[in-house]
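The values are calculated or read from the model by the stated rules, or taken from the named source; none is laboratory data. Quick caveat, the model's predicted, so the values are computed rather than measured. Heads up, the Cβs are rebuilt from the backbone with ideal geometry, glycines too, and the neighbour counts pull from every protein chain shown.
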Amino acid sequence: MRCTINQIPCTVDLLSTSGMPLALLVQPLALPHPSEDPVQVVDFGESGPVRCSRCKGYINPFMKFIDQGRQFICNLCGFTDETPRDYHCNLGPDGRRRDADERPELCRGTVEFVATKEYMVRDPMPAVYFFLIDVSMHAIQTGATAAACSSISQVIADLPEGPRTMVGIATVDSTIHFYNLKRPLMLIVPDIHDVYTPLQTDVIVQVSECRQHLELLLDSIPTMFQNSRIAESAFSAAIKAAFLAMKNTGGKLLVFQSVLPSVGIGALSAREAEGRSNISAGEKEAHKLLQPADKTLKEMAIEFAEYQVCVDVFITTQTYVDIASISVIPKTTGGQVYYYYPFSAVSDPAKAVQ
Ligand SMILES: [Zn+2]
């Protein structure tokens with residue numbers, strides 16, 4: 001919590017004369033300060049956490065127990081619930097449960113509840129990282145591809161070795177290229193309108209099984225495409241194809257994009273020039289530029305989110321890429337947009353690693 005002012009005025013007059021707002025900024029789920037007690041974990045066993053049966057609010061210090069502790073009133077919606085039998089406890093003379101101070105969920109602002117099966121769509125997922133790299137002419141020439149590859153190499157080196165850490169890589173220009181991470185084999189997906197994933201196996205593999213091969217591949221991607229004259233990018237189709245590869249496990253898709261997605265499903269057009277003329281026409285028209293161009297990406301993103309695929313997009317560009325449309329994907333899937341504009345191969349790669 002942070003206060004907007006560090007001296008609290010002793011009268012209302014003083015506050016209004018000061019012209020300063022008196023408020024608290026509260027950040028839920030903030031990282032605890034090292035001097036604070038760690039957040040406690042509460043395990044209700046198979047029945048899961050006690051919750052209000054009407055609004056599904058979780059048990060917390062402000063729920064009021066009544067009737068000798070047999071019932072509780074939800075502080076969020078006011079509904080009265082029966083206390084589950086094995087959670088019953090008598091009330092003290094002060095009206096609080098006698099065990100309130102021993103139960104973190106009844107005396108702490110923040111606790112972790114152990115989630116039961118009911119809270120999961122599937123078993124806890126492995127940590128899957130899929131990297132999608134733009135290898136169109138512009139990306140290669142500005143050094144963005146090389147920067148992405150070297151950054152990925154560095155972060156992969158830090159990934160935990162365990163059997164549940166998995167990685168995959170694809171590159172994209174006007175077609176999509178998947179890589180078998182166990183054998184040196186590139187698989188090209190030429191159809192960027194009806195996308196598929198070429199292999200069921202070995203596109204996403206345990207990082208411990210492919211570390212060396214992966215590093216070699218990342219080293220060679222910039223040279224493999226160095227003479228490319230393909231300016232087009234099938235960005236959306238490639239994201240869709242990567243999603244299909246990840247669909248069984250869910251995971252994180254990290255996309256490194258340098259140009260406007262121009263071909264295949266979800267292709268975008270340069271709205272920038274149109275926007276400029278609209279700015280003179282009136283602000284209302286210009287605002288359209290802040291809205292996504294069409295619904296295709298949104299529909300895709302909703303499907304990604306259903307399968308717990310989160311997309312981060314690293315935009316390393318020197319031109320217009322229509323972030324308003326692209327950002328729908330990270331926004332809908334709980335990911336982030338990282339924007340490096342104008343991209344510099346000298347100073348930006350280090351930032352991506354962080
Ligand atoms: Zn409630």
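If you scan segment 20-70, which residues turn out to be polar (S, T, N, Q) and more than 16 Å from the ligand (Cβ to nearest atom)? First the steps, then the outcome.
Filtering segment 20-70 down to residues polar (S, T, N, Q) leaves 27, 35, 40, 47, 53, 60, 68.
Across segment 20-70, the qualifying residues are GLN27, SER35, GLN40, SER47, GLN68.
Does ASN60 meet the test of being out of contact with any strand residue (DSSP E or B) (no Cβ under 8 Å at 6 or more places or on another chain) and more than 18 Å from LEU106 (Cα to Cα)?
When the stated conditions are applied, ASN60 does not pass them.
Which of the residues spanning segment 42-63 are at positive phi, of a type outside the set (Lys, Arg) and within 27 Å of the chain's Cα centre (by Cα)?
The initial filter retains those residues of segment 42-63 that are at positive phi, namely 45, 48, 56.
From the residues that got through so far, the ones that are of a type outside the set (Lys, Arg) too are 45, 48.
Passing the criteria: only GLY48.
How many residues are part of a loop (DSSP other than H, G, I, E, B) and either within 16 Å of the ligand (Cβ to nearest atom) or touching a helix residue (DSSP H, G or I) at 6+ places or on another chain (Cβ under 9 Å) (or both) if we restrict to segment 71-95?
Pass one, segment 71-95, residues part of a loop (DSSP other than H, G, I, E, B): 74-79, 83-84, 88-90, 92-95.
Now drop any that are not either within 16 Å of the ligand (Cβ to nearest atom) or touching a helix residue (DSSP H, G or I) at 6+ places or on another chain (Cβ under 9 Å) (or both), which leaves 74-79, 83-84, 88-90.
Going through segment 71-95 one residue at a time, the tally reaches 11.
Going through LEU29, LEU25 one at a time, which residue ends up being exposed (fewer than 10 other Cβ atoms within 10 Å of the Cβ) and closer than 15 Å to ARG108 by Cβ? Before you say what the answer is, go through the steps one by one.
Working: LEU25 fails: closer than 15 Å to ARG108 by Cβ.
LEU29 is the lone residue from the list that is exposed (fewer than 10 other Cβ atoms within 10 Å of the Cβ) and closer than 15 Å to ARG108 by Cβ.
Taking the condition touching a residue at least 40 places away in the same chain (Cβ under 8 Å), over 30 Å from SER220 (Cβ atoms) and not hydroxyl-bearing (Ser, Thr, Tyr), does VAL114 pass? Please lay out each step first, then the result.
Working: touching a residue at least 40 places away in the same chain (Cβ under 8 Å): yes; over 30 Å from SER220 (Cβ atoms): yes; not hydroxyl-bearing (Ser, Thr, Tyr): yes.
Here the answer is yes, as VAL114 does meet what is asked.
Of the residues ARG183, ARG164, only one is of a type in the set (Lys, Arg) and modelled with pLDDT of 85 or more; which?
Answer to the check: ARG164.
Among the numbered criteria (1) loosely packed, with under 15 Cβ neighbours inside 10 Å; (2) among the small types (Gly, Ala, Ser); (3) at pLDDT 95 or above; (4) within 25 Å of GLN40 (Cα to Cα), which one does ALA115 miss?
Every listed condition holds for ALA115 apart from (3).
Got a number for residues in segment 32-70 being touching a helix residue (DSSP H, G or I) at 6+ places or on another chain (Cβ under 7 Å), exposed (fewer than 15 other Cβ atoms within 10 Å of the Cβ) and assigned to a loop (DSSP other than H, G, I, E, B)? Lay out the reasoning, then the answer.
From segment 32-70, those touching a helix residue (DSSP H, G or I) at 6+ places or on another chain (Cβ under 7 Å) are 40, 42, 48, 50, 59-61; that's our starting set.
Right, trim to exposed (fewer than 15 other Cβ atoms within 10 Å of the Cβ) and you get 40.
Remaining after also requiring assigned to a loop (DSSP other than H, G, I, E, B): none.
Residues flagged as touching a helix residue (DSSP H, G or I) at 6+ places or on another chain (Cβ under 7 Å), exposed (fewer than 15 other Cβ atoms within 10 Å of the Cβ) and assigned to a loop (DSSP other than H, G, I, E, B) within segment 32-70 amount to 0.
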